[in-house]
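The values are calculated or read from the model by the stated rules, or taken from the named source; none is laboratory data. Source: prediction; values computed, not measured. Positions of Cβ are backbone-derived with ideal geometry, glycine not excepted, and every protein chain shown enters the neighbour counts.
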Amino acid sequence: MRKKVVLLALLLGAALPQPGRAQNEPPPDAKAQLEEADKLSNEGRLTQARAAYEKAIAAGANIQTDYVRSRTLALCYLNGQPQKLDLAAKWFENAIRLRPAAEDTRLQLAQSLAWGGKYALAVQQWRLLLNAKPEAADYIIGLSNTLYWKGDVLVALVALEQFLERSPNQVPVRLHYARMLGFAKRYTAALNQYQAVLQSNPNDISARVGIAKVTSWQNQLDVALKMFDDILARNPGHYEAVVGKAYVLLWKGEREQAKKLFATAHDRDPSDQEVANTYRALLRGGGGPARPATAATQVKKAPAKPAQTVAKAEPPKPAPQPVAEKPVEKAPDPAPVVAEVKPPAPPPPPPDPLPGLLQEAENAAGRGNHTQAVHYYHQALALKPGDIGIQLQIARVLSWSKNYGDSVAQYDTILKSAPDSLFAHAEKARVLSWDKKYAESLAEYRIALQMAEADPKPALPVRDIRTEYARVLSWNKEYDASLAQYAVLLPEGEPRKAEDVPLLVERARVLAWSRQYEQSIATYDQALTVDKDNFDAKLGKAQTTFWSGNLEGSSAQLRELLAFKPRHPEASFTLAAIEHGRGNNAKSLALLKDAPTGLETDGLRHAIRREMRPIVRFRYGFEDDREISGGPGNSTTKVLRYTSSIEFSVHPDVRMEVINTTTNALTSNSLLGKHSGDAGATETNARLNFKVAPWLRMIVGGGAGRTGGKSLTAPAPTRTHFTYDIHPIITVGNWRADIAVTRHIADYTPLAIYDNVVQERYSAAVSYLWRKRVRYGAEFYGAQYRVESPETAKRQKFVATAIGGSGYVNPTLFQNDYVTVEAGFRYDSFTYLDDAIAILDPANGVDSAGFFTPQLYQRVAGTGRVAWTPNDKVNIAVQGTFGPQRIHGFALLTPPPPTWGTTGSFGSQLTLNLGRLTPVLAYDWFSTETPASPALRTTGQWRSHVLTGGLTYRF
């Protein structure tokens, strides 16, 4: 390995605890030397500290019972000059004898023994570390390196393979395994491991560099050169790719180009001895090594010494570190240094064509040429018909190329001849899940799970199959069933271990997807209790905190994660989503610039830009209101409204909307049509929508409305009215407050239009969402209706003042990804003050101004709503109310007695999401048995029907 591990085991600044000593006080000289040694070690002067400890021991000091000083002396031997690995190991062993549970000290002992060439003893220590933490990637890498240096290459590979069977998602270990296979000349297996990494993360640079290196070691220099060029085109200056390309150019004989790349690499990392030696050889005019040292030669080399580190007496526990000096990541086969190097001639084909075909197939699969790989495998299968191993490889390669249907068909062929193949069942289930055929996948997983549980020694661990089964259940949104499987994998009451952390993270995700946010966060906390630095758990907890609605808490957690990993895509994506949710599109887009390119990042960026595009809306509504008196006095009022609007962004965080509404009101009612039974009005407004603070959104706008035009069927002047909207929205946690001040024309009836009625409304509403299940709300409002009648023979200007309010409780009875069911109740009441009497006075007023003016209105109603989203293109919502209503009229008008009457309403809406187009169709119905005429002068029934159609187009 070119990069040496710098052992950061000791730090400056810690006070030295009182050291232990033997039963007898050490001689004065020894005591003074010990104190001097402690002081020097704390100052980081390790060589001088080591000499002082040696003098103290020679003077009679006994530190063999002192853990702190034993470990400190060991570190002085390890990091002082000259390095003495044998003595370092001796004192680390003494420290471990005093504190067997000191994991960091045992790690340093294993490293010292390995670097000192005592491989067998080092292997023992690595295995003890792995027994304590079976899932620790650094420990298995250290063990495999030591076994490799010892010459036990096969044992090293087996250890890595067994580890990956237990923990298949440990990408660093899989990459290390692939490198080891390459060093052992098992190129096909190495390519398969790199391909497995790319299957889960197609952008993994280490895997792509590894494939390019292995390809070059197989003398496919032109192919390897193209691979390195592709990597460097996407990742300019990537060190490993630069070095790999330099060696390929050297082996192709292009020394000058190779020399330039070696110079670049040497400038970036002068400590890389292999690059330095090759570069110096090229400067001297030689060709450099035709191939670097082989694995066998590497074992005999003295391992690199760890870099010197500053020492202190009692350091904090360091994180486990991988062992320095991995095998050289270059091809084997040494050759003498020559002035011009040419690739060796390819070896002659083997007598048996089958191994060669299999090798070619695996090489092609490793390079991503899946079509060629399948072709070679079929040729091999023709030579060995019925071979299950070859058929499995064909199925796997087909799945890697995303030909899922063909892959499943291949697995079916295998299962016809080998129905008990656990590999075929499990892999078929996996491929079906990739193809999103979850029901079929789950059926195969059940078969595989049943087979594995019935076999005392199954080919695949039951735990692994159950884990995949639980995942696919969650992908199929069968969250309860998935959680039941995780309950089997993670029994309640058992202490959590390091190997449980990945499962805890997965279980927490499923809980979050099922909207059990509190339990999800608690499960993430369990994982973090075992592994406090687990990034996936921290990220998942932050995301779940966001989904639970706690934007502030999630934002703080994500910013902490991004400080640790500044360009992490998921953390950047989630924080950008939070800023987007707050309305800060500019901040969100800035965050996405720093995030690496990926599907989620691009998707959010596209969503934000899509929302910033202009939107055009068209809506046409037809309202039919019927007053049924039970006799010949029945009447109908119809209102037709056409609304068009355009919405666009004037800034990433500011939207503007311009709305125009044209109303045509018709009536057969003699009172409401006394000027004319046909009236028209228009209103145009412009509004801005923007965020002032994370908790405050503002909607402000203004415009003009036009009414009037007739008086008692004769022409009359039209009037223009100033209109406006001021609407602050305050959101804090689960609380929301809306304050609205508005002024608009009251285009309810022909009479209201011709009487130039304008409504000014002032309201304050507050709501609270309790545990994401129950919403409580209340509103208080005041309104003034300003009337300017065109009748010149009577008083023309009037004001009617109304005060009202409402309260409601709206629980969510059921909710999943498709259906939401709500039911609750509400109370509404409003009253008109006595100034309304002036309008209704038969002698001096105008009888009515075309709007409903009771003295007191009361209604209690049960409410219900069902929303159904069967897929991402269709949404259907249905709502209704039912309850008693009572109306008090002004005594001046001799109204009917106030009695409770039944009322009910029904509404439905169909919304289609067709890409840029969103059609909407809605129907609303209202009925009451309560006296409800505009002037409250008749009794009977009231029916209202409203049909609305709309279309939204997003550019």
When residues of the range 472-496 are limited to those that are modelled with pLDDT under 90 and either of a type in the set (Val, Ile, Thr) or closer than 23 Å to Leu449 by Cβ (or both), the one surrounded by the fewest Cβ atoms within 10 Å (Cβ to Cβ): Glu492
Can you spot a residue in the range 578-589 that is outside any helix (DSSP H, G or I), surrounded by 19 or more Cβ atoms within 10 Å (Cβ to Cβ) and free of Cβ contacts under 8 Å to residues at least 40 places away in the same chain? no
Being without any contact (Cβ under 8 Å) to a residue 12 or more places away in the chain and either among the basic types (Lys, Arg) or surrounded by fewer than 19 Cβ atoms within 10 Å (Cβ to Cβ) (or both) is the requirement here; does Gln519 meet it? yes
Residue ID - surrounded by the most Cβ atoms within 10 Å (Cβ to Cβ), chosen from residues in the range 644-698 that are more than 30 Å from Arg582 (Cβ to Cβ) and among the β-branched types (Val, Ile, Thr): Thr667
Of the residues that make up the range 235-257, is at least one more than 30 Å from Gln359 (Cβ to Cβ) and β-branched (Val, Ile, Thr)? no
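I'd like to check which strands (runs of 3 or more DSSP E) are fully inside the range 634-713 and have at least 3 residues that are modelled with pLDDT of 90 or more and in contact with a Pro (Cβ under 8 Å, 6 or more places away or on another chain).
Here the list reads 635-651, 654-667, 696-711.
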What about Phe564, is it surrounded by fewer than 16 Cβ atoms within 10 Å (Cβ to Cβ), within 23 Å of Thr545 (Cβ to Cβ) and at pLDDT below 85? yes
On the basis of being assigned to a loop (DSSP other than H, G, I, E, B), in the same structural domain as Ile887 (by TED's automatic domain parsing) and surrounded by 18 or more Cβ atoms within 10 Å (Cβ to Cβ), does Val787 make the cut? no
Give me a count of the residues in the range 547-585 that are over 27 Å from Arg771 (Cα atoms) and of a type in the set (A, V, I, L, M, F, W, C). 4
Are any of the residues in the range 419-430 closer than 21 Å to Pro461 by Cα and exposed (fewer than 15 other Cβ atoms within 10 Å of the Cβ)? yes
Among (1) among the polar types (S, T, N, Q); (2) closer than 16 Å to Arg367 by Cα; (3) modelled with pLDDT under 85 - the single one Gln273 does not satisfy: (2)
Restricting attention to the range 263-283, and to residues there that are free of Cβ contacts under 8 Å to residues at least 60 places away in the same chain and within 24 Å of Ala207 (Cβ to Cβ), which single residue is surrounded by the fewest Cβ atoms within 10 Å (Cβ to Cβ)? Arg268
When the range 199-209 is checked residue by residue, the ones that are free of Cβ contacts under 8 Å to residues at least 60 places away in the same chain and in a helix (DSSP H, G or I) are Ser200, Ile205, Ser206, Ala207, Arg208, Val209
Keeping to the range 790-827, report how many residues are of a type in the set (S, T, N, Q) and either more than 34 Å from the chain's Cα centre (by Cα) or part of a loop (DSSP other than H, G, I, E, B) (or both). 5
Which residues, counting only those in the range 174-191, are within 26 Å of Lys402 (Cβ to Cβ) and out of contact with any Lys or Arg (no Cβ under 9 Å at 6 or more places or on another chain)? Arg174, Leu175, Tyr177, Ala178, Leu181, Tyr187, Thr188, Ala189
In the range 726-760, what residues are in contact with a Lys or Arg (Cβ under 6 Å, 6 or more places away or on another chain) and either assigned to a strand (DSSP E or B) or among the hydrophobic types (A, V, I, L, M, F, W, C) (or both)? Ile729, Thr742, Val758, Glu760
Kindly provide the set of residues from the range 32-65 that are among the acidic types (Asp, Glu) and crowded, with 22+ Cβ neighbours inside 10 Å, ordered by number. Asp38
Condition test on Ala778, is it of a type outside the set (Lys, Arg), in a strand (DSSP E or B) and under 26 Å from Val946 (Cβ atoms)? no
Just to be sure I understand, how many residues within the range 466-505 are outside any loop (DSSP other than H, G, I, E, B), within 19 Å of the chain's Cα centre (by Cα) and touching a residue at least 40 places away in the same chain (Cβ under 8 Å)? 4
Per the filter on the range 380-400, residues crowded, with 17+ Cβ neighbours inside 10 Å, free of Cβ contacts under 8 Å to residues at least 40 places away in the same chain and not aliphatic (A, V, I, L, M) are Gln391, Gln393, Arg396, Ser399
